[in-house]
Every structure is written in structure tokens, then in C-alpha cells.
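The values are calculated or read from the model by the stated rules, or taken from the named source; none is laboratory data. This one's a predicted model, so the numbers in the text were calculated from it and none came from an experiment. Cβ sites come from the backbone with ideal geometry, for glycine too, and all protein chains shown count toward neighbours.
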Amino acid sequence: MTRALLRGLALVEAVGRRAGTVSELARRLDLDKAVVSRLVADAEAGGWLVRRDGMVELGPRSAALGRSSDARELERIAAEVAHALAGVTALDITVTQFAGDRGHLLASAAGINSVLAETDVDPFPLFATASGLTLAAGLDDADLGERLRQPLARYTERTVTDPAEIRRRISAIRAGGFAREEGEFGVGVGCIAARWPHPLAAAPTSIAVLGAADHVAREEALALRVLRAAVLPNATRSTIVAAAAG
């Protein structure tokens with residue numbers, strides 16, 4: 001193994017034991033602060049670590065290397081919520097979290113006629129998907145502005161690349177709205193997503209229903225009801241099923 005890889009693994013292990021600031025981690029690892037800062041930046045870009053309020057914590061891709069108790073519990077809850085939503089909507093469900101510059105899957109569940117196998121959603125970009133827009137809505141304005149100054153990729157003819165329109169959509173999400181997608185990332189794929197401000201989430205997190213665009217359109221009213229129930233802090237399978245019943 002290279003020295004950089006070993007240092008990176010040691011960093012992830014240290015964060016898994018106890019989150020800390022870059023300065024604290026540098027002291028614990030006996031490394032220069034600048035070295036640790038670069039390692040954190042690289043690991044964050046890959047989804048292995050995330051930063052929240054100045055603290056470095058484990059990211060969504062750290063499952064194979066060990067997770068904090070909060071991260072493990074969030075992943076368990078995400079899986080339960082995803083399967084409950086898939087059961088009542090018959091649509092695909094993804095629960096995603098922001099890390100680096102993309103969204104990474106925490107959990108997913110397949111519905112009837114699933115499109116998950118045909119849609120590359122892990123990781124996926126912020127601005128071409130409904131889930132990504134809900135994650136972007138959780139970023140601060142300075143970070144968001146910097147990202148919108150970069151060239152935005154076009155995935156289909158429907159992909160929105162106008163920063164002003166993206167900002168408008170994000171403002172609506174921040175005001176409590178849902179994000180909608182119809183073919184912007186995958187031809188014929190529809191999606192409705194909501195922010196999931198769970199207290200255990202170390203970074204912006206989203207829950208989405210997706211499937212064939214016509215299927216999502218037919219089930220929109222149901223999808224909105226169950227998403228509203230799913231993003232509540234005390235959501236359970238029972239409360240989601242009750243919301244589906246209307």
C-alpha cells in the first residue's frame with residue numbers, strides 16, 4: 001500500500017472512532033494539519049467523509065470500513081423507510097446523502113417495473129435530478145453559488161442547465177416544496193423528491209420516489225402523501241402505511 005492510502009485509511013478509522021475538527025485529527029494522527037486537510041478533501045470528494053459545522057464525520061461510502069453508531073442507525077432507518085414506501089407506492093425508492101460533489105445512496109428499494117437497474121444513480125449529479133436538487137437545497141448559498149458557476153452537464157434534451165432556473169427550483173424546495181424530474185437525467189424516468197432533515201444525518205439527505213414517468217405521474221398524489229409522512233422525524237412503516245391510506 002502507498003503511504004497516502006495508509007494515511008487515508010488511518011484518517012477514516014480515526015473519524016469512525018470519534019468525529020473531530022481537522023486540527024484535532026491532525027493531533028490524534030500526529031500529522032501536519034495541511035496534510036490532514038488535503039486527505040479530508042480527497043476523502044470528502046469520494047464520499048468517504050463529510051464535514052458538518054466544522055467537524056469531520058464519516059460519509060455514506062464508509063460502510064465497508066466501519067460506521068459510527070449514528071450513521072449505522074440512519075442507514076437502518078433509511079432502509080426501513082425505503083421498503084415501506086416501495087410497498088405502498090409500487091415505485092422505486094432511493095434515500096441519498098450529499099458527500100463531495102454528488103449524492104450517494106444510503107438505501108434503496110425496488111418497486112414494480114423497477115428502473116433502478118437501468119438508471120445510474122450512485123453517485124449522481126446535483127442539478128440534473130430531483131434528488132440532487134433537494135440535496136443542493138441543503139447547501140449554503142456560497143457553496144451553491146460556486147457550484148453553479150461551473151459548467152453543468154447535459155444528460156438528455158430535457159436537462160436544465162440554466163443556473164437561474166436551477167436557483168428558482170432550489171428556492172421552491174427550501175420553501176417546503178418537492179423537487180420533480182421528468183426525463184432530465186434519464187429518458188422516460190420520472191421522480192419526486194423531498195428533503196429529509198433527519199437529526200442523525202451528517203449532511204443533506206433526500207428521499208425520492210422514481211419510476212417510469214407515466215407511472216410517477218399517475219401516482220403523484222399518493223407519492224406526495226407518503227413522502228410528507230416519511231420525512232417526519234418519527235416516521236415508521238405504520239405511519240407511512242397510514243398516510244398511503246389517506
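What the table shows:
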quantity: Subset of region 14-26 [exposed (fewer than 13 other Cβ atoms within 10 Å of the Cβ) and assigned to a helix (DSSP H, G or I)]; calculated: 17, 23
quantity: Enumeration of residues in region 202-221 that are touching a helix residue (DSSP H, G or I) at 6+ places or on another chain (Cβ under 6 Å) and hydrophobic (A, V, I, L, M, F, W, C); calculated: 207, 208, 209
quantity: Single condition residue 168 does not satisfy, out of (1) outside any loop (DSSP other than H, G, I, E, B); (2) in contact with a strand residue (DSSP E or B) (Cβ under 8 Å, 6 or more places away or on another chain); (3) among the charged types (D, E, K, R); (4) surrounded by fewer than 16 Cβ atoms within 10 Å (Cβ to Cβ); calculated: (2)
quantity: Region 182-203: number of residues that are closer than 17 Å to residue 166 by Cα and either in a loop (DSSP other than H, G, I, E, B) or under 16 Å from the mean Cα position of the chain (by Cα) (or both); calculated: 8
quantity: Test result for residue 34, of a type in the set (Gly, Ala, Ser), free of Cβ contacts under 8 Å to residues at least 60 places away in the same chain and farther than 29 Å from residue 73 by Cβ; calculated: yes
quantity: Matching option when the condition is of a type in the set (S, T, N, Q) and in contact with a Cys (Cβ under 9 Å, 6 or more places away or on another chain), among 129, 134, 159; calculated: 129
quantity: Residue that is more than 20 Å from the chain's Cα centre (by Cα) and at pLDDT below 90, where the choices are 65, 25, 9, 58; calculated: 9
